[in-house]
Every structure is written in C-alpha cells, then in structure tokens.
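Student: Just dropping this structure here.
The values are calculated or read from the model by the stated rules, or taken from the named source; none is laboratory data. Given the structure is predicted, the values throughout are model-derived calculations rather than measurements. Please note: Cβ atoms are built from the backbone with ideal geometry, for glycine as well, and neighbour counts cover all protein chains shown. Heads up: the accessible areas ignore ligands, DNA and RNA and are worked out on the full protein's heavy atoms, side chains in. Shrake-Rupley method; radii C 1.70, N 1.55, O 1.52, S 1.80 Å.
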Amino acid sequence: MRNEFPEFRLGNVLATSFTGTLTERHGDAVERIPTPQRLVDWLAVSGLAVDSCTTAQLELARELRESIHAAATATAVHDALPAAAIEIINDCSIQGRAAAILTPERHRQWRLGSSSCVEDALSVIAADAISVIAGERDGKLALCASPTCQAAFFDTSQSRTRKWCDMNTCGNRQKKARFNANQRKNGTAARTGVN
C-alpha cells in the first residue's frame, strides 16, 4: 500500500466497502482513491486486480461509487431510488466481462475479461450493489450513526441493529466522545461538590 494515502476501510460487502473509499461525507471528507493508482490498489485488495487505470476510469469509478451510495442511502431510509443512480449502476453492470470462478478451497473469485480492464472490475461492484439493494441477501442496508460519516453499510448482525459502519473508527470515535463528555461533566460536578 502507498503510505502517503489514508488506509482503506474494507468490509465484507464489496459494494458498501467501495462506497467507503470516500469517508466522513458530512464532515471533512476523506478521499481514499485520489489517484488512478490508488484505485488499482483498492481493486487489488478487493480481489479485482487490474494492471492500470486511467483518469477517465477513475472518474467512472467515482461516479459508480456515488451512485451506489445514493441508492444504498435511499434504500436504508426507505426512499425512492434515484433514477440517475440506477442508470449508472446498471450501465456499469452490463459493461463488464467478468466471470465468477470457484477455487479448490471453495471460494468464489472473479476473473476479469481483461487484466487491465477497470470496467470489468466495476461491473462486479455494480452487480454486487444490485444484489444488496434488491434485497437478495440476508441483511439490511443501514446508515452509520456518526453525524459526520452516515455511510451506508450492510448490516448482517443477528438483530439487524448495528449502528456504525465500522466499530474501529466511527464506533470508537463516538464512544470516546461520550466518555470525554462524561469526564468533563463528572469533573465539573466534582469541582462544584455536586454528585
């Protein structure tokens, strides 16, 4: 990985993990794929290795990412799906030539039509988004409870009540904020003699 860039937040669901390449959307946004090479890096760690990426392909990837985010957010809050987002997701899905293959270890992997074709990788991500948004998988789309994040994530917890897109980032940040607020409150109460 490239040390000068923020770390990737990788999840178990390809489509929502991809939307996580832009974080803190309602705060100081963090772009985790700022360059074509960084998209190549993300695709590689996500099992969709490509040889190269152009600036135009990076822009297409970001357009798909934002379309998935818009559709996933609409699904999570039970709104109508944005027509423009549906069109982009569908267009990306049908443009690629990727195929699922089975490994001897009983894992599914993706074989892209061309080793350097970002569009093939994007078609896999779009197809994953379609599966999640259409409700074909066991789980539900939800939004992160962090006011600066509000990322769409796929909740597969048993109770379907997960609050954070990632407990190690958003969840811990919120717990720390609550702890610090309680410490300030308790510190003020202790200094004034109020319990």
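Student: Could you look through the stretch 83-132, keep only residues that are closer than 15 Å to F18 by Cα and polar (S, T, N, Q), and pick out the one that is surrounded by the most Cβ atoms within 10 Å (Cβ to Cβ)?
Tutor: Step by step, filter the stretch 83-132, then rank; the result is S123.
Student: Here's another thing I want to ask about it. How about the stretch 14-49: which of its residues are open to solvent by 20 Å² or more (accessible area, probe 1.4 Å), part of a loop (DSSP other than H, G, I, E, B) and among the hydrophobic types (A, V, I, L, M, F, W, C)?
Tutor: Scanning the stretch 14-49 gives A29, A49.
Student: Looking at H78, H69, which is the one that is touching a Ser or Thr at 6+ places or on another chain (Cβ under 7 Å), closer than 30 Å to W164 by Cβ and not β-branched (V, I, T)?
Tutor: H69
Student: Would you mention how many residues in the stretch 50-92 are among the hydroxyl-bearing types (S, T, Y) and assigned to a loop (DSSP other than H, G, I, E, B)?
Tutor: 2
Student: I would also like to ask the following. Are there strands (runs of 3 or more DSSP E) fully within the stretch 98-195 with at least 2 residues that are farther than 30 Å from L58 by Cα and modelled with pLDDT of 85 or more? List them.
Tutor: By residue number, no strands (runs of 3 or more DSSP E) qualify.
Student: Could you tell me whether any residue of the stretch 136-152 is on the phi > 0 side of the Ramachandran plot and loosely packed, with under 14 Cβ neighbours inside 10 Å?
Tutor: no
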